[in-house]
Structures are given as structure tokens and as C-alpha cells.
Amino acid sequence: MLDVRRLQVLHAVVTSGSVSSAATDLGFTPSAISQQLATLEREVGMPLLEKAGRGLRPTHVGQTLSDRAGGVLADLADIEQTVADLRAGSTGRVRIRYFATAGAVLVPQAVAEFRREYPRVRLELLLDDVEPLAELCSGRADVALIVQTSETAELPGLRHLPLLVDPYRVVLPRGHRLSSRRSVEVTELAEEQWVDSDRSHGPCREPVLRACAAAGFQPDFAVQTEDYATAQGFVAAGMGVAIMPMLGLGAVHPGVVVRRLRQPEPMRRIALVIRQAVEEQVAVRRLATAFQAVAASVVT
């Protein structure tokens with residue numbers, strides 16, 4: 001394989017018209033330029049330059065190699081600039097996985113803040129309530145927002161960055177016997193029918209079941225739904241009560257009231273999980289900072 005540095009020397013001699021000019025441009029001595037040219041000619045096996053008066057001119061072979069080398073050198077310069085941009089975090093790609101309520105509150109603000117500073121970095125965002133950690137471990141994602149549970153222990157190659165603790169609230173129909181209270185004990189909901197807002201039995205359901213178990217009962221789910229807005233509609237219609245995280249209560253149905261929970265107060269812990277293979281990239285670090293800033297500003 002031909003040495004790129006020697007092709008660079010040939011290209012400099014051909015475009016400048018002399019060994020001395022090429023030496024000045026490249027910061028070499030004329031003798032070093034001549035040695036590089038002689039070695040390249042031996043590798044090619046054909047003359048590359050010929051005398052023309054006091055100077056040199058390329059042979060057909062030399063001109064052809066110089067022209068091709070010019071394109072290669074331009075491509076290498078582009079590659080070097082790409083590497084510099086990636087190192088600086090001004091370009092590249094970050095693949096993000098998130099769950100629904102994070103997508104409604106945390107993700108838009110963090111992404112908007114990040115893009116103001118790094119508009120050329122491509123962010124690929126995908127809703128994933130099921131297997132975000134598997135996506136990270138397989139290399140199909142770079143960062144993921146998750147709800148931490150007993151099953152989301154730290155895995156090799158991943159780093160967990162805690163963001164916030166999101167408390168749950170009880171959602172009651174207006175006029176309910178407990179609606180005039182400022183707070184409700186979980187045990188007071190034992191005899192109620194419940195509206196389930198997480199039919200998939202995902203990680204957001206676990207804190208609810210733990211709180212009920214601590215209070216000595218299992219909730220009687222009479223209605224199953226897949227999102228908090230639909231669940232609020234059923235609560236407003238008197239079909240039951242529901243427990244939902246504060247981040248899921250950005251929009252409250254006019255037919256319900258929201259009250260604090262006590263003894264115990266269920267909570268979910270939200271974290272940003274980052275693949276260690278990419279955590280030192282400038283863009284990933286800056287994105288993590290944006291998520292931390294938004295999480296700190298969320299009042300729950």
C-alpha cells in the first residue's frame with residue numbers, strides 16, 4: 001500500500017512546481033522531500049518526475065498519482081474535521097429511549113435546551129416503556145430514561161444517573177367521601193374500586209402495589225386503561241379511584257380532585273441510564289446535564 005505521506009509530498013511538488021517550494025509548504029528540508037520522492041518512485045516502479053529546465057515536471061504517471069492524491073488528501077482533511085467535530089460534540093448522533101410521562105415533561109425541555117447549544121447533533125428519540133435497558137445493552141440506544149425498580153439493578157456497561165423522585169397522588173371523583181381532605185391514608189382506599197392506569201403492569205405500577213401491600217390490602221382494579229388521561233376520565237365518571245405519579249398529572253380532568261397520600265406515600269425514582277461506551281462523548285455529557293437541569297426544575 002502506498003504511503004499517504006509520500007503521496008502528499010508528490011502532490012505538493014507537482015502543485016508548487018519545485019522541491020524547495022514543497023519543502024517550505026510542508027515544513028520539511030529539500031533533502032527530505034527528495035528522499036520521500038525517491039522512495040515513492042521505487043514503490044511505484046515508474047518515474048514520477050522529470051527535469052524541465054531548472055525545475056521538475058510530473059510524468060503522466062506522476063500527474064495521475066498527484067491528481068488522485070489530491071482527492072485522497074481532501075477526504076482525509078474532511079475526516080480529520082469530522083473527528084474534531086465529534087470530539088467537540090458539535091456533530092454526531094445520540095439515540096434516546098424514554099417512557100411516556102418523561103416524554104411529556106422531561107424530554108421536550110431537555111432536548112430543546114440541548115439543541116440550542118448543539119444544533120448539528122442528531123437526536124433519535126423513541127418511546128420505549130418495555131425494554132429500554134435491553135436497548136442499551138445491545139448498543140441500539142445510547143441513553144434511556146427509566147423508572148427504577150427492583151429489576152433495574154445496575155448492569156455491566158451501564159451507568160445510572162438519578163434525576164428525581166416522583167411522588168404519587170390519589171385521584172378521586174369530585175364529591176367523593178374523601179375529596180374534602182387535604183391528604184388521604186392509603187388504608188382508607190382499601191374498600192374502593194380502582195382504575196388501573198398501567199395495564200401493561202410496568203415499572204410505574206410497582207410503587208402502587210408496594211404501598212397497598214404495606215397498608216395490608218391488594219387494590220381491586222375494576223377498570224384497566226393504558227394512560228393517565230383515560231384513567232382520569234373513568235375516575236371522573238365514578239368508576240373508581242386511582243393512584244398516579246405527579247408527572248402524569250400535568251393535565252387534571254375537571255371531574256376529579258388530586259390529594260396527597262400518606263402512610264405510606266408511594267414514590268417512583270427516575271434515572272437517566274447511559275452506556276459507558278459513550279458517556280465521555282461531549283454531546284452525551286451535555287445531554288445528561290440538560291436532563292439534570294430540567295429534573296431539578298420540576299416541582300412535584
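Among 136-144, 219-227, how do they line up by average Cβ neighbours within 10 Å per residue, starting with the highest?
Values: 136-144: 19.3, 219-227: 16.3.
The peptides rank, most packed first, as 136-144, 219-227.
Scanning the chain for helices, which whole DSSP H stretches are 15 Å or more long along the axis (Cα) and average 0.0 or more by Kyte-Doolittle?
4-16, 60-88, 100-117, 282-297
Output the relative contact order of the chain, whole-number percent, from Cα pairs under 8 angstrom with separation of 6+ residues.
About 21 percent, as a whole number.
How big is the chain by Rg and Dmax over its Cα atoms, in Å?
Considering the chain through its Cα atoms, Rg and Dmax are 32.2, 107 Å.
How much area per residue is accessible in the chain when the probe is 1.4 Å and only protein heavy atoms are counted (Å²)?
For the chain, the per-residue accessible area is 53 Å².
For VAL184, enumerate residues with amide H under 5 Å from its amide H, sequence gap 5+ or separate chain, H modeled in the peptide plane.
ARG260, LEU261, ARG262
What's the carbon and sulfur percent of region 143-228's accessible surface, probe 1.4 angstrom, rounded to a whole number?
Here carbon and sulfur together make up 45 percent of the probe-accessible area.
In the neighborhood of ARG122, defined by Cβ-to-Cβ distances under 11 Å, what is the net charge if each Lys or Arg adds +1 and each Asp or Glu adds -1? All intermediate terms of the calculation are to be shown ahead of the outcome.
Values: positive: ARG93, ARG95, ARG115, ARG120; negative: GLU124.
Around ARG122, the charge tally is +3.
Tell me the GluC sites (Glu not before Pro) within region 101-200 that lie in a loop according to DSSP and have at most 13 other beta-carbon atoms within 10 Å.
Passing both the DSSP loop test and the Cβ count: GLU151, GLU154, GLU191.
Which one of LEU145, ALA277, SER180 has its Cα pushed farthest toward the positive end of the charge dipole of the chain, where Lys and Arg give +1 and Asp and Glu give -1 at the Cβ?
Toward the positive end, the furthest listed residue is SER180.
What distance in nm lies between label points placed 7 Å from Cα along the C-beta direction at LEU76 and SER20?
2.7 nm
Express in nm, to one decimal, how much length is gained between GLU131 and GLN35 on full extension, taking 0.36 nm for each residue of separation and deducting their alpha carbon distance.
28.6 nm
I need to check one value: relative contact order of region 88-193, counting alpha carbon pairs closer than 8 Å and at least 6 residues apart, in percent.
Reported relative contact order: 28 percent.
Just in region 163-267: which trypsin sites (Lys or Arg not before Pro) are loop by DSSP and have at most 16 other Cβ atoms within 10 Å?
ARG174, ARG177, ARG181, ARG182, ARG199
The values are calculated or read from the model by the stated rules, or taken from the named source; none is laboratory data. What you see is a predicted model, and the numbers here were worked out from it, not measured in a lab. Every residue, glycine as well, gets a Cβ built from its backbone with ideal geometry; the counts of neighbours run over all protein chains shown. Ligands, DNA and RNA are excluded from the accessible area calculation, which covers all protein heavy atoms including side chains. Shrake-Rupley method; radii C 1.70, N 1.55, O 1.52, S 1.80 Å.
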